[in-house]
Every structure is written in C-alpha cells, then in structure tokens.
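In what follows, a structure is listed as structure tokens, so that the remarks can point back to it.
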Amino acid sequence: MTKAAPEPVERPTGTEEDVPGASVVVVGGGATGLSAAWWLARAGIDVLVVEAGIVGFGASGRNGGGCTHGYSPLFVEEQRLWPMMDDLLGYPTEFSPERIRIAFDEEQMARLRRTHEIGGRLGFRSEELDSTQLREVVPLAGEGSIGGFHHAFGGHANPHRTVQAYAWAIQDHGGRVLQHTQVHNFTMSGGRVVAVETSRGSIGCDQLVIAAGPYTGTLTALLGTEVPVAPARAEMIVTEPLPLMPLGGVDGNGLYGRQTLRGNLAYGGGPHEWFDLDDMEDQRPPSSPLSRSIAKRVAELFPKAAHARVIRSWAGFIENTPDGRPVIDRLTEPENVVVATMSSVGFGLSPASGHAIQELVTAGRCGFADLSSFALARFDGLDPDWRRRRGWVSTPATL
Amino acid sequence: MAREPEMSPAGMDRTSVSGKTPTIAEMTDLLVIGAGPAGCAAAIDAAGRGLKVMLVDENPVDFEAMNNEIPLHFGGRMTGAVRNRNAMTDAVLEGSPAIAEAFEAGVDVRLGTACWGLFVKAPTATWVDRPMAGIADAEGVRHIGFEHAIIAAGSRDMGLAFPGWELPGVMGAAAARRLATHYDALAARRAVILGSGAEALLTALTLIEAGTACAAVVEAAGAPIGPSDLISQITERGTEILTDHVVAQAEGDLDGVTRVMVAAVDRDGRHVAGSARAIECDTVVLGIAAIPAIELLEAAGCRMTFDARRGGQVPVLDSGQRTSRPGIYAIGDIAGIWPEKSTDPSVAVAEAQRAVAAILATEDRLDISAAPPEPAIDIDAYLKHWVRASVIEAAGEPHVCQCEDVTARDVLEVRPPRYLDWQAPTQKPTDLVSLLGNGPPNPDQVKRLTRAGMGQCQGRRCREQVAVLLALGAGVPLAGVPLATYRAPVRPIRLDQLAETEEQPEMTETWEGWFGIPSMWLAPWELGPDGRPLADDSDD
Ligand SMILES: Cc1cc2nc3c(=O)[nH]c(=O)nc-3n(C[C@H](O)[C@H](O)[C@H](O)COP(=O)(O)OP(=O)(O)OC[C@H]3O[C@@H](n4cnc5c(N)ncnc54)[C@H](O)[C@@H]3O)c2cc1C
C-alpha cells in the first residue's frame, strides 16, 4: 500500500477555459478539502481546490465549531494543532481552548463522563464539577443542573473564519482555489485519474483528493467505488451578543455550541432529518420550527440568558457513513485517488484530517495516527439497502 | 453498544424528525400578514368570499423593540406616548380605518402580533407537515397553520452611513411616516430629508402635515428624481431641494441631532471643498430608497429577483401574486415599489384582489393590470452615487453596520472585526479579489468574515449599503450582487419566549446523541483491526 508520490503523467490540454492543471486537484472546498490543500501547499506541492460554490458554504460554514473529538484516532493531532492554527495559517480562526459541559440528568452525565474517561486514558485532564461549582465558572448558568465536567482540552473555533483562513493560506503558499466550478466527471488513463471534468472544462492532475462532503459517494461512484454516505440536515440558533463568559466553550443539556468571541450564544441539537442527495439540489438548508425546541434547551442551560434575543437560525447538510465514522483512505483503484468524508465531525478534526490526507497523498500512508478504522474496506459487503434498513430515509408522505 | 441505530415500527430512524411534528396552536384558511391598505383589502375581500381569515400586524410595536430599530429605523424619535400600549392600539386603529372594516367583515384581526417566520414543507424539511407561521404577541410565541398566506409586510428604508448617522434623530422614512400617521407619536420638530424620490417626497409632505418642519430635501443626484407634481408641492411649502448634495456630517448631543453639515458633491461623489454649510434640525430622514420588506418570503425560500422597475430585490410573482412557494402570495409594497404605486392606493388593492382570486381560482375573471413602467432613473447608478458620495467619500469612517462597528473599508478589505485585535503575522492584506476569485461578490460571504449585517438589528440598516459597496468594489451592477439571505426569526425574539413551553415526549426521548449512531462514539481501542466494533453484534 505504501507508495511514493507517483511520476507525473501527460495532462490533457485544450480545455474550454484552459484552467491550468495541478499536481494535486482537491474536489470540495469544505474544511476537509481546504485543510488537505493547505497541508499540501505548505509541503510545496502544486495544488488546486475545485469548489462547486463558495468555500465553506456547505456544512463547514454552518456547524457548531466544536473541536473536541476524544474518540477519534485523529484526536491527539486535533488537540496538538488547534492552539497553533492562527499562527500556522496567518489568519484568525477564533480558536479558544477548553470546554465545560453541563448535565441535567444522569443520562446526560453518563455521556459527558465518557469524554472524561476517553480523554483521561490519552493523558488529557478534566475535572468533575458540581452544580455550585458550575455556577461559579459559568456566569449564565443557573440552578437545576446535576453537575458536569471542565475539560482542560478541546475547544471551539469560528467555522467561517477558519474555512476562509485555509483558503487564503493556500493562496499564500502558491496553491489555487477555484470557486463556482463543479466537477462532474473524471478522465482516466492507464488506470489513473488524469483530469477532472468541470463546468469550466477539463483540469489535469497527477493525484486526486475527493472531499466533497455529502457528494463524496456520487463522485467516487464515477470511479467505480462505493463510499456509503447519507445526507442529513441539522440546525442551530444564535442570540444577540451577551457579556463574555470567562470560558465560551460551554454546552450540555443535549446541545452543542459555544458563546462566540463576540458574545453570541450559538447552539444546536435535537433531531436531524434524512433525505436523498437529489433533494438538496438548489436548496438552501432550511431551518425549521425546531428552533423553538433548541431555544427551550438553551434557556434551561443558561437561565440567566433567558432574556437574550434570538436573531437568526440556520441549517446545514451533513454527510454520514453507516457507522458514523470518517473515511480517509486511498482507493486501490484508481491508485492515485484519496477519499475523505468525515461523518458529521469534520470541522474540529479538519487540521488533523488535512494533515492525514496530505500524508496519504505524498507518502501513501499516515505516519502520525492509525487510520485503519477509517478504511473503506470496513464497508465491504455492506447491504446495498443499508439506508432503508437503518431508517435513514426521508419521512414518508403518509405514515 | 454497537447495534444498529434504533428504528421506529414504521422503519424510520427514531432519533430523526420522523414521527415528530411541529406543534400548531391554531389553524386558519388564509393568513394575511400586514394590515396596511393591501393586507386589509385582501382580508376583507377573502372574508367576504367565505374564507376563514386571520389578519396579523405587529403594530403597535412596543417601545423596547422600537428602541432597537425593530422593525423600522425609528432613530429614537418616538414620543413617550408609545409606552402606552392601549393608547397606541387606539392610534393604530384610528390611523387605519380599514382594520375596523376588516373586523366588521368577520376577519380575525390580531394587532401587536409579529410574524417571525414562515415554514413550508421542503424536500429537505418534510417534517414541516403543513405550512405554518411563527407568530409572537404579548402572550408569547405560537405556530399558526394555514392553507394560504398573503404577505403584505410593506416596506422599510435603505440605511445610508455618514459621520454621525448613529445619533438619535437619524431615522428611516417609513419609520417617520409610521410614527406620524399610525402612532401620532413622532418627536421631530425640524427634519432634513435625504432623497427626492416619490417615497421621500411623500414622507416630507406627511411630516409637514403632521407639524414637523422640513428644512431641506437633500439629493446627491443632479436633479430631483420624484414625480414633478410632488416636487412642486414640496417647493410650494417652502422646502428647498438641494441637488448635488449629501450630508457630510450630523452633529448633536445626547438627545441626538442638532444640525447637519451638508456639502456639494461632484460627479464622482467627491465633496467640493468649501461648500459645506450648516442646517439646523433635530431629525434626518433616510429616504433614498424604499425597500420591499421581503424578509419573511426570502427566509421561507421564495425565489427573489432584482427588478429595477419594482425597486430592487422582489419576489418572483405570477399574475395571481403567487410566489415560488405553493400557498404563499405577496401583495403591496413587498411585491414591488414604484412611483405610480406609491401615489395610487388602487394598485395595491388590485394586487390584493388578484391574490384572493388566485386562491379561489377565479383570477381569470380579473383584468391583469399592466406591469410597472420602466423606472425614470437608473437605480443602479443612483444608489452607487449616493453610497460613494455619502459613505466612501465621507471625511470620517462611519460605521456602515452600526451593530457590529463595520466601516466601508472593513467591508472592501474584508477585515476581521476589531474585537479580535488581530495582528497579521506578516503583512498580507486581504481583499475582495482574493475572496471572490472568479465569482460575483457575495454579501453572505462578506458578512461571515466582517460581521456586517450580523448584529441585533438583523442587518436592516446596512444590508443594502453593503450590497452597493460590494457592487462598487467588484465593479459589477447591483443586480449582479446576490441577495444576502434572511433567516427566521426575522424579528428578534427572546429565548424564553421562543422556547416551546413543553418539549414533546417523543422529542425528549431521542434528543441526545447527535445522529444516534452508537458506533460513532467508539474509541480506537474499542474497535477491531478491521475497523469494526469489537463487540459488534450488528449484521453488516
Ligand atoms: C449544524 C451543524 C453542526 C455541526 N457541528 C459540528 C461541530 O461542532 N464540530 C465538528 O467537528 N463538526 C460539526 N459539524 C459537522 C461538520 O460541519 C462537517 O463534518 C464538516 O464541515 C464536513 O466538511 P467537509 O469539507 O468534509 O464537507 P463539506 O463542508 O460538505 O464540503 C464539501 C464541499 O464540496 C463541494 N462539492 C461537492 N460536490 C462537488 C463537486 N461535484 N464539484 C465541486 N465541489 C463539490 C461542496 O460544495 C462543499 O463545499 C456540524 C454540522 C452542522 C450542519
């Protein structure tokens, strides 16, 4: 499997707009593809990101900004990189370290305890707090919680700023980002992808990275490989700014989110909605009356912010694999393709996932983490009807 | 632990929205939003034809909302009388006799009731099983289910920055008219009006009628742009019209504006040296463009288009006033603003009749009135000239977005907000070009990075200015700048009011756990070498 970067091949020319090819073309300008391209550009590789719309306008610009994924094999790298990202990128990400999580019942507490235990096993500290201690460190909290944890790890960042930081940093390192350009096919030659076919014509490449979020499976299918991903919608609300708490990374009560560095409370949670890829066509992700259920839980989490006014809501389309874990793998055929889709936790992990993808591209394997659990082979023999069997389908019109 | 996620008996993922439905408090056949002339006409017409009609209007708006420039730019120029809700309800009823008529006609009229969101079933939001509107009144927040909704939410004003425009006393034209006519509570003695289109001139006349002196009409263009009869009415009343002029600065004290400095501008918007002079006034009325209040429609996913004849960004409508979303109609100012319509109420009433006829499938019996005429002016050039002269050429750097302290330069150079106190490690200026690449300027992308439009007034005072700035910065027509998106709630709503009173049990039961995929949370040591859970008892 280990393979050095392959020899360059002849690239097709004579395209409609003649976009010069690149050594590596990355399909998808979300956090995953952008980070990968940034790592590649930093390594001195000629890289081009092709994005159908605007960078980060998919889930990557619509998420909770959480960077605390203890159960992931990329966790240690995630934690190592985030505190350095502003400096490495040269643009602000608003990364803020640490998290506090608040539970209102035993079931919630059990979930929180798992982060504590997993972190502890890897040498990351957290402290259990009772309701009184929580109120001391979280000024907006009130009575009613049963306890929680203060993790001296994890954190949160601003997704909008982070995706654009990747895009600008790619350009600073000599890479290119092509927006408003859709990839609809690939050209093969000698068992390798030699060009991506786009709405702006053919663009040559030596290596290809597919990081197209919910569309990853559709694109790999063109290359004869199934990557099972199902799209779903999740939504969030945001309030007007409030005075900053000492630590903005507070969530719990079944919510994820943060107080932004500007002071807004941005939170999401609750049921998601499944649908088909075709349903997403030309659709801005709609938020729904679920805002009211989210608002209720935010008001419970922060009784002292109950007067804060909600000024917006939004939704995002998320990619999910059958076991809820990412795919970061090199295809066996064609051999010059790396596929990455993050199964709903791709923002926080993006500094690390991009690094892993870069190593897969340049060295054929990831040297800093064991990615065997992200291998595509685990889905060999997957029932083609897997979505229906899980009930991951659109609500039937008549039940 | 690694079982397949839970399924309902119907074979659906129980942790999804499947099997859950949004709560609905009340149902109506037809919901009309906005009790202006268009909305009242539609409600009365529909009730007369046997429909069950609910008519909601946010007026009287409470003092706190007004103070936060919601829903209009009131600029603090309301009298203390607006604190008295009963008196304000009386004033609103007196100001619009049609509301009482609607009530007589059997319409369920709800005043002091704001609609903050329209929700319709979409391919990616099928759990919204029927169309519904989110409303907020003194009692709280509810969803109203409807078969049809006619949106007649009127207009608001384009904001325009100049040094001092954050002072109390700088207000929108629609806000000034609303306070003067509907509330009888306008606290303005002497006003300067910016803009000379039909809406601005009608506002000047309304204010004069209500006892506010009009010191001057200031117009950046070389000649007044409104209908000539309105122009002569203004000059007959002794108000001077200053063309080729802008407000260079508003000065004032804690109570707000005390005077403005006006300056002559050249064709490029540059201020002519030595031309500044003072005009005493306590109020500056922003009237350069009346903006259709499309926020509910846009947030609900109705298709929008830039149509200069109809005043800019408006919903795509057919001859029955249907939007692109089934069951949702738009009438009145929200369907388009042009001088002949502003001066003749029968145009909006005809739209109301067409919408009702479309609902009842009798529209073929109506004459479809002609499309709006070509505008007398090029609004692209007109607005660009105003923004260049007032905002870009301003001596200071006024905040275009007052909520988030964003200047024109911040927008054009895509600078991070100041509270981050960001010092770039190397001198790498960012700009629109590096952001946009090969695409059109996108206000949402700029908003995400500069925060212009992200504040608590929900972008009402800055979004059109930002769009013009982007058009100027990128060298494209205004029509080429996509509309910044709107999101529910389109009125700010307190968390504890927005909150559902009770969480549905089926919601509570499966709320936790993100996508409800147990294997997602397994640590590497809980997985086998093949990447499958060690304790796997699922079957694929
Ligand atoms: C409400 C919400 C909250 C979330 N909270 C968190 C959180 O707190 N922490 C966290 O880590 N994750 C969170 N997530 C998940 C996270 O946002 C996603 O996992 C992550 O953004 C995925 O990034 P991506 O780059 O892989 O995919 P995407 O962001 O989906 O990007 C893929 C890109 O590919 C482009 N593309 C697709 N097809 C083509 C084509 N044919 N040609 C060209 N371009 C194409 C798309 O336009 C898109 O921009 C949340 C998501 C949502 C919606």
### Residue selected from region A:288-305 under the condition more than 14 Å from the ligand (Cβ to nearest atom) and more than 7 Å from every other protein chain (Cβ to nearest Cβ), by the criterion nearest to residue A:236 (Cα to Cα)
A:297
### Filter pass, residue A:343 being buried (at least 20 other Cβ atoms within 10 Å of the Cβ), under 23 Å from residue A:271 (Cβ atoms), under 16 Å from the mean Cα position of the chain (by Cα) and within 12 Å of the ligand (Cβ to nearest atom)
yes
### Message
Suppose the filter is at pLDDT 95 or above, touching a strand residue (DSSP E or B) at 6+ places or on another chain (Cβ under 6 Å), over 29 Å from residue A:370 (Cα atoms) and hydrophobic (A, V, I, L, M, F, W, C); does residue A:45 pass it?
### Response
no
#### Entry: Given (1) at the interface with chain A (Cβ under 7 Å from one of its Cβ atoms); (2) in contact with a strand residue (DSSP E or B) (Cβ under 8 Å, 6 or more places away or on another chain); (3) farther than 30 Å from residue B:135 by Cβ, index of the condition residue B:526 fails
(1)
### Query
Only one of A:192, A:258, A:233, A:200 is within 12 Å of the ligand (Cβ to nearest atom), more than 22 Å from the chain's Cα centre (by Cα) and touching a residue at least 60 places away in the same chain (Cβ under 8 Å); which?
A:200
#### Entry: Selection within region A:129-183 - over 21 Å from residue A:110 (Cα atoms) and of a type in the set (Gly, Ala, Ser)
A:157, A:165, A:167, A:169, A:174, A:175
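More than 8 Å from chain A (Cβ to nearest Cβ), small (Gly, Ala, Ser) and more than 19 Å from the chain's Cα centre (by Cα): does that describe residue B:473?
Considered against the rule, which asks whether it is more than 8 Å from chain A (Cβ to nearest Cβ), small (Gly, Ala, Ser) and more than 19 Å from the chain's Cα centre (by Cα), residue B:473 comes out as yes.
Just the residues that are farther than 22 Å from residue A:387 by Cβ and not small (Gly, Ala, Ser), please, taken from region B:507-529.
Our first condition is that a residue be farther than 22 Å from residue A:387 by Cβ; within region B:507-529, this holds for B:507-509, B:511-512, B:523-529.
B:507, B:508, B:509, B:511, B:512, B:524, B:525, B:526, B:527, B:529 - these are the residues of region B:507-529 that are farther than 22 Å from residue A:387 by Cβ and not small (Gly, Ala, Ser).
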### Task
Report yes if some residue within region A:320-332 is within 14 Å of the ligand (Cβ to nearest atom) and among the small types (Gly, Ala, Ser); otherwise report no.
yes
## Note on the structure
Only one of (1) under 17 Å from the mean Cα position of the chain (by Cα); (2) modelled with pLDDT of 95 or more does not apply to residue B:65, and that is (2)
### Number of the exception - residue A:279 against (1) within 13 Å of the ligand (Cβ to nearest atom); (2) closer than 25 Å to residue B:129 by Cβ
(1)
### Task
Assess whether residue A:383 counts as being open to solvent by less than 50 Å² (accessible area, probe 1.4 Å), under 23 Å from residue B:529 (Cα atoms), away from the ligand (no atom under 14 Å from the Cβ) and assigned to a loop (DSSP other than H, G, I, E, B).
yes
### Message
Between A:378, A:365, A:388, which is part of a helix (DSSP H, G or I), over 27 Å from residue B:487 (Cα atoms), open to solvent by 40 Å² or more (accessible area, probe 1.4 Å) and not assigned by TED's automatic domain parsing to the domain that holds residue A:237?
### Response
A:388
## Note on the structure
Taking region A:325-382 and keeping residues more than 10 Å from chain B (Cβ to nearest Cβ), farther than 23 Å from residue A:38 by Cβ and without any contact (Cβ under 8 Å) to a residue 12 or more places away in the chain leaves A:332
### Message
Checking the conditions here, which among B:480, B:453, B:516, B:459 is in contact with a Pro (Cβ under 6 Å, 6 or more places away or on another chain), closer than 30 Å to residue A:292 by Cα and touching a residue at least 12 places away in the same chain (Cβ under 8 Å)?
### Response
B:516
### Query
Which numbered condition trips up residue A:285, out of (1) of a type outside the set (A, V, I, L, M); (2) assigned to a loop (DSSP other than H, G, I, E, B); (3) more than 8 Å from chain B (Cβ to nearest Cβ)?
(3)
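Taking region A:234-254 as the search range and keeping residues that are part of a strand (DSSP E or B) and more than 10 Å from chain B (Cβ to nearest Cβ), which one is surrounded by the fewest Cβ atoms within 10 Å (Cβ to Cβ)? Walk me through it before giving the result.
Step one: filter region A:234-254 for residues part of a strand (DSSP E or B), giving A:234-239, A:250-252.
Narrowing further to those that are more than 10 Å from chain B (Cβ to nearest Cβ): A:236, A:250-252.
Values: A:236: 23, A:250: 29, A:251: 26, A:252: 28.
Of everything passing the filter in region A:234-254, A:236 is surrounded by the fewest Cβ atoms within 10 Å (Cβ to Cβ).
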### Summary
Inside region A:176-199, the number of residues satisfying the requirement of being within 12 Å of chain B (Cβ to nearest Cβ) and more than 18 Å from residue A:212 (Cα to Cα) is 0
### Residues located in region B:476-523, provided they are open to solvent by less than 50 Å² (accessible area, probe 1.4 Å), part of a loop (DSSP other than H, G, I, E, B), at the interface with another protein chain (Cβ under 7 Å from one of its Cβ atoms) and farther than 30 Å from residue B:382 by Cα
B:488, B:489, B:492, B:499, B:500, B:503, B:511, B:512, B:515, B:517, B:522, B:523
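Restricting attention to region B:282-296, which residues are part of a strand (DSSP E or B) and either among the acidic types (Asp, Glu) or closer than 8 Å to residue B:157 by Cα (or both)?
We begin by selecting, within region B:282-296, every residue part of a strand (DSSP E or B); these are B:283-286, B:290-292.
Residues satisfying the conditions are B:286, B:290, B:291.
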### Task
Identify the single condition in (1) free of Cβ contacts under 8 Å to residues at least 40 places away in the same chain; (2) crowded, with 24+ Cβ neighbours inside 10 Å that residue B:64 does not satisfy, given that it satisfies every other one.
(2)
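Hey, among B:269, B:226, which residue is at positive phi and either assigned to a loop (DSSP other than H, G, I, E, B) or open to solvent by 60 Å² or more (accessible area, probe 1.4 Å) (or both)?
On the way: B:226 fails: at positive phi.
Exactly one residue qualifies, and that residue is B:269.
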### Query
If the Cβ limit is 8 Å and pairs must be 6+ apart or interchain, which residue in region A:296-324 that is closer than 30 Å to residue A:376 by Cα and of a type in the set (Asp, Glu) pairs with which residue that is assigned to a helix (DSSP H, G or I) and within 11 Å of the ligand (Cβ to nearest atom)?
A:319/A:59; A:319/A:213; A:319/A:214; A:319/A:216
## Note on the structure
residue B:306 meets each of (1) farther than 21 Å from residue B:201 by Cβ; (2) touching a Lys or Arg at 6+ places or on another chain (Cβ under 9 Å) with one exception, condition (2)
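Pick out the one residue from A:100, A:54 that is over 20 Å from the mean Cα position of the chain (by Cα), at pLDDT 95 or above and open to solvent by less than 40 Å² (accessible area, probe 1.4 Å). Write out each step before concluding.
Details: A:54 fails: over 20 Å from the mean Cα position of the chain (by Cα).
Only one candidate passes the filter, namely A:100.
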### Task
Scan (1) outside the structural domain of residue A:37 (by TED's automatic domain parsing); (2) within 12 Å of the ligand (Cβ to nearest atom); (3) buried (at least 24 other Cβ atoms within 10 Å of the Cβ); (4) of a type in the set (Ser, Thr, Tyr) for the single condition residue A:216 breaks and write down its number.
(1)
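Can you pull out the helices (runs of 4 or more DSSP H) entirely within region B:399-456 that have at least 3 residues that are at the interface with chain A (Cβ under 8 Å from one of its Cβ atoms)? Lay out the reasoning, then the answer.
On the way: elements: B:408-412, B:432-436, B:443-450.
In region B:399-456, the matching helices (runs of 4 or more DSSP H) lie at B:432-436, B:443-450.
The values are calculated or read from the model by the stated rules, or taken from the named source; none is laboratory data. In this text the structure is predicted, and so the values were computed from the model without any measurement. All Cβ positions, glycine included, derive from the backbone under ideal geometry; neighbour counts span all protein chains shown. Areas reflect the complete protein model, heavy atoms only, side chains present, ligands, DNA and RNA absent. Shrake-Rupley method; radii C 1.70, N 1.55, O 1.52, S 1.80 Å.
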